[in-house]
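The next block holds one structure in the form of structure tokens; read it before the comments.
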Amino acid sequence: MRPTQAPPTAGRGLIRALSRRGSAAKKTAPIARVRKIKDPSICDRCGAVYTAKSWRIGRRLSPEMMAKAAYINCPACQQVDKLEYFGRVLVRGPLSAEMLERIRARIANVGRRAESNQPERRIVSAEWDGSTLEVLTTSQKLAHRIARELEKEFGGRATYQWKDEDGMLLTVWKAPRPPETPRRYVRSW
């Protein structure tokens, strides 16, 4: 039997592990491959703390750890500075001013919630050009979450397109059409 084939009695885990042969090591997000970060580190801009291989907001450090901490800009702040994004959400459809404000508020809430749990997931920008609201995010997951939350809150339909070459997600959410008022038929005799 070849080494890439699982024996007939192999479990699912072994079969899945063997099927990943040849997968690229660079499938991790580019921001995660940036450079080795000293543990602990504190972001100068947002206050996020890096320790135990993760960034967290509001993590408390002992005085000894604070003395050893390096002060840097976290990868998410660097992405926002460079306007670098890996998620793009396009909001289209018939949007009234009130509906647009509700959508912006929902997107901001999703962004705040994501940033509190995982500070590396942030909204880079949100621009309205008169017909489309374009939201850029630092991660694919946040863009996916925003589109999913818009679907749940307002209805409509979201489509997703992942790009392998640059690791980006393009999401288009189309707002539902407002219900038409029924026409009243007047009989003319």
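A few remarks follow.
Every residue, every condition in (1) of a type outside the set (S, T, N, Q); (2) touching a residue at least 24 places away in the same chain (Cβ under 8 Å); (3) over 21 Å from residue 177 (Cβ atoms); (4) not assigned by TED's automatic domain parsing to the domain that holds residue 38, yes or no:
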{"residue": "61", "(1), (2), (3), (4)": "yes, no, yes, no"}
{"residue": "92", "(1), (2), (3), (4)": "yes, yes, no, yes"}
{"residue": "99", "(1), (2), (3), (4)": "yes, yes, no, yes"}
{"residue": "106", "(1), (2), (3), (4)": "yes, yes, no, yes"}
{"residue": "114", "(1), (2), (3), (4)": "yes, yes, yes, yes"}
{"residue": "131", "(1), (2), (3), (4)": "no, yes, no, yes"}
{"residue": "139", "(1), (2), (3), (4)": "no, yes, yes, yes"}
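- Qualifying positions in the stretch 71-85 - exposed (fewer than 14 other Cβ atoms within 10 Å of the Cβ) and part of a loop (DSSP other than H, G, I, E, B): 83
- Residue that is surrounded by the fewest Cβ atoms within 10 Å (Cβ to Cβ) [pool: residues in the stretch 38-70 that are assigned to a helix (DSSP H, G or I) and aliphatic (A, V, I, L, M)]: 67
- For the stretch 156-178, the candidate set comprises residues that are farther than 16 Å from residue 139 by Cα and modelled with pLDDT under 90; within that set, the residue that is nearest to the chain's Cα centre (by Cα) is 176.
The values are calculated or read from the model by the stated rules, or taken from the named source; none is laboratory data. Quick caveat: nothing in here was measured; it's all calculated off a predicted structure. Heads up, the Cβs are rebuilt from the backbone with ideal geometry, glycines too, and the neighbour counts pull from every protein chain shown.
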